[in-house]
1. If I go through region B:157-211 residue by residue, how many of them are among the aliphatic types (A, V, I, L, M) and closer than 30 Å to B:Asp242 by Cβ?
2. Picking from A:Asp81, A:Asp74, which residue would you name as being surrounded by fewer than 17 Cβ atoms within 10 Å (Cβ to Cβ), touching a residue at least 24 places away in the same chain (Cβ under 8 Å) and either more than 7 Å from chain B (Cβ to nearest Cβ) or in contact with a Lys or Arg (Cβ under 9 Å, 6 or more places away or on another chain) (or both)?
3. Residues in region A:326-362 that are surrounded by fewer than 18 Cβ atoms within 10 Å (Cβ to Cβ), within 14 Å of A:Pro298 (Cα to Cα) and of a type outside the set (Lys, Arg): how many?
4. For A:Glu509, state whether it is surrounded by 16 or more Cβ atoms within 10 Å (Cβ to Cβ) and part of a helix (DSSP H, G or I).
5. Within the group B:Ala285, B:Ala316, which residue is within 14 Å of chain A (Cβ to nearest Cβ), within 24 Å of A:Ala45 (Cβ to Cβ) and at pLDDT 95 or above?
6. Would you confirm whether or not region A:470-481 contains a residue that is in contact with a helix residue (DSSP H, G or I) (Cβ under 6 Å, 6 or more places away or on another chain), modelled with pLDDT under 90 and not in a helix (DSSP H, G or I)?
7. Tally up the residues in region B:282-309 that are part of a helix (DSSP H, G or I), within 22 Å of B:Leu211 (Cβ to Cβ) and of a type in the set (A, V, I, L, M, F, W, C), please.
8. Restricting to region B:119-144, what's the tally of residues that are part of a helix (DSSP H, G or I), of a type in the set (Ser, Thr, Tyr) and within 12 Å of the chain's Cα centre (by Cα)?
Amino acid sequence: MVLYDSATLGGSCSGSSSSSSSSKPPPLQQRQQKQQDIDGFLAGAGYRVRSSELRKVAQRLERLETAMVNSPADLSQLASDTIHYNPSDLASWVDSLLSELTQPPTCPSEFIMDPVSNQTVVSDAWTTAEPHMPQVHQNISYEQQSLNNQLTVVPAMEEDSGIRLVHMLMTCAECVQRGDFSLATSCLEDMQGLLTRVNTVCGIGKVAGHFIDALSRRIFQGIGGGSVNGGSAYENELLYHHFYEACPYLKFAHFTANQAILEAFDGHDCVHVVDFNLMHGLQWPALIQALALRPGGPPLLRLTGIGPPSPDGRDSLREIGLRLAELARSVNVRFAFRGVAASRLEDVKPWMLQVNPKESVAVNSIMQLHRLLGSDPNRNSPIETVLSWIRSLNPKIMTVVEQEANHNQPGFLDRFTEALHYYSTMFDSLEACTVQPNKALAEIYIQREIANVVSCEGSARVERHEPLSKWRTRLSGAGFRPLHLGSNAYKQASMLLTLFSAEGYSVEENDGCLTLGWHSRPLIAASAWQAVSDGTADFPA
Amino acid sequence: MARSNEVNLNECKMVVPLNTWVLISNFKLAYNLLRRPDGTFNRHLAEFLDRKVPANANPVDGVFSFDVLIDRGTSLLSRIYRPTTAEEPQLNIAELEKPVMAAVVPVIIFFHGGSFAHSSANSAIYDTLCRRLVSLCKAVVVSVNYRRAPENRYPCAYDDGWTALKWVNSRPWLQSQKDSKVHIYLAGDSSGGNIAHHVALRAIESGIDVLGNILLNPMFGGQERTESEKRLDGKYFVTLRDRDWYWRAYLPEGEDRDHLACNPFGPNGRSLEGIKFPKSLVVVAGLDLIQDWQLAYVEGLKKAGQEVKLLYMEQATIGFYLLPNNNHFHTVMDEISKFVHSFNS
């Protein structure tokens, strides 16, 4: 985006015109000014402003003037407050005065939704070098910018409300963290009011709505959150399925894991896959078919699917197993299925899996391990327990896919901030999908995650996402070593992405692991592991 | 905010470079905090906010400066700016008052602006401006730190200017070699321009020769509301309200804007006919709301048979000369240079 103001004429190069002499600072300072892009002319007047920030500072000055005009009674207070701020640092001076004048309290830190979209509203009335070329633009209300990237043009009013909404969300979360529920409640009311003036069909309005709901739930219903993940297994599976269809995250998880499992099973005739969350078994048809086409013929494939028990007497696990068996038979793959019903992963005992020592085992965890991270002082850490018995199975490979986010921090505000950023990005990526009802139900799926992260605590909070770096540490510490996913997996993933998905998704390789994200923000990470052998293979009691 | 304010901002932004706009807007807002409705002035905050720079006896880009105490009684300081010469690129501290070596060296006594209330000789913007004047005009500049309103009303600023003039005139080291006289010019912007005029007036019967007056956007006014004041009120950083405030702060209490300090060619003014008044260079910014008063001043000089050159900069706003990022700046600097080196002096 080109800024056509004549600060570029000479201002940012420290008064370089040879005929004019300025009180130029010594050469070292000049170089520093240049490096930091400080406007040289303003520096000569005693103000440090980056040339790149001039426009923003100008806009803020305008707003400050408006604010001062609108609250003349506050000026004397403002005057005595200005001594706290450094007048030379004009950008922050103006911001500080603005925040003094525009109560309610602003958020603790600048929240950048999307570094690019912050620039959508720019007033065009700055002069060019030739002042006799006036350009008439409306300063306020709707601006059209011709941009050469895929920004959406947001009306000025809306963007302001959107940013205000984010600030208010942060303020509310901060109140919640401090335990100031009465202030949090009034924040909620303000936000709900603001929501009515914001487009809630897409963008910030939509995701903000979900966060407002989650905060509301937390404040009024407490953190037990029983009803958050309520919804029968059937509902969950349905939402999961639509999430699978609407965006590529689960597809990516499945084919990346399958590729790794396929390679790990190379040369083995008896293979056993343990799936920590069977759902509709969407991952397995592709693996079954790939094994069928294996040079040398398919192995004997056993699949153990873990899932929650069905309340209505149906054995849904078995039903999925039967369907998969049908498929396997049709492609001549010897196949056996076993279902293990357990409401929590930590309730599964390794003997339930009936692993045969002669088998090659693959353990497949798609977004399950993080559920084990809640710590209950009355029990041993479930994650350690589970990782330990996985290790004791001596699997050929363990495929792990997790949300690439830090939603398990102890501080509520930190978690909230992370989640706001993460799910905003995810919602943005969902905009690329237009197919209904996939999209709407996928959103509900995501909304449930948000509600769990924000409004639950203790054992009720199961969405304890941690980033890849933490999983690396944790898994290495539990006796696993990483398996490189390999360039094949990367190429496959990239190719499949172009087939299935819209522009904007990106696959990245991260030290042997693969991540899928929206633009440059990874949202899901896939990795593969193997137990470090210590000579013994032992089933824990 | 009314729609008209949108238009104001737009017009203003169209003619001013971005960094100038930021600078002057910042002043405008800061000054709003300093002027109290009851006519008092938040001097402590003003001094805190004002960006100041020290004198520097080490030449920077061929100019060095040092401060002198001209009058102990009124604590009148001035900052002297001198050019280094090719022969002696660096003077040491004992040589600050070394005599000027050239045949003719213009000495410009400069009165900074600030509507009689703001700024100082050591304000960064004025230190920078004076240094530019030295380089471009090959002159010595004496920037006078005159007493300001509302603590010090008329005629304090003029008294200080007069004291400085006498002091400059009596410095042997400022005398041009050609005639052993100090070649003095009076200059100033905004209130400084007003001061230059009145100091020149006072010099008339004294025998001190002032070779020329340079008035940059000089601050004049009157009771009447002129067309330019009505048309440009609030449009280019300046409002009539703040102009009125500053006059009320400077003029003696109870006086109105037709006082001769404010309106030298008004009902209370003094006729300059037949008086040996210095030639004047008057710069008027076409977007300055008080331009009608400035143009009336020029007319007044002309009618009195005085030599005056008007530079009317159509698209210029107040403060255009503070940053050298526009054509007006360079035009005006050239004219000033010619003015102080013209062969008639």
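The values are calculated or read from the model by the stated rules, or taken from the named source; none is laboratory data. This structure is a prediction, so every number in the text was calculated from the model and none was measured. Reconstructed Cβ throughout: ideal geometry from the backbone, glycine too, with neighbour counts over all protein chains shown.
1. The total comes to 10.
2. A:Asp74
3. 5
4. In short, no.
5. Exactly one of B:Ala285, B:Ala316 is within 14 Å of chain A (Cβ to nearest Cβ), within 24 Å of A:Ala45 (Cβ to Cβ) and at pLDDT 95 or above, namely B:Ala285.
6. no
7. 2
8. 1
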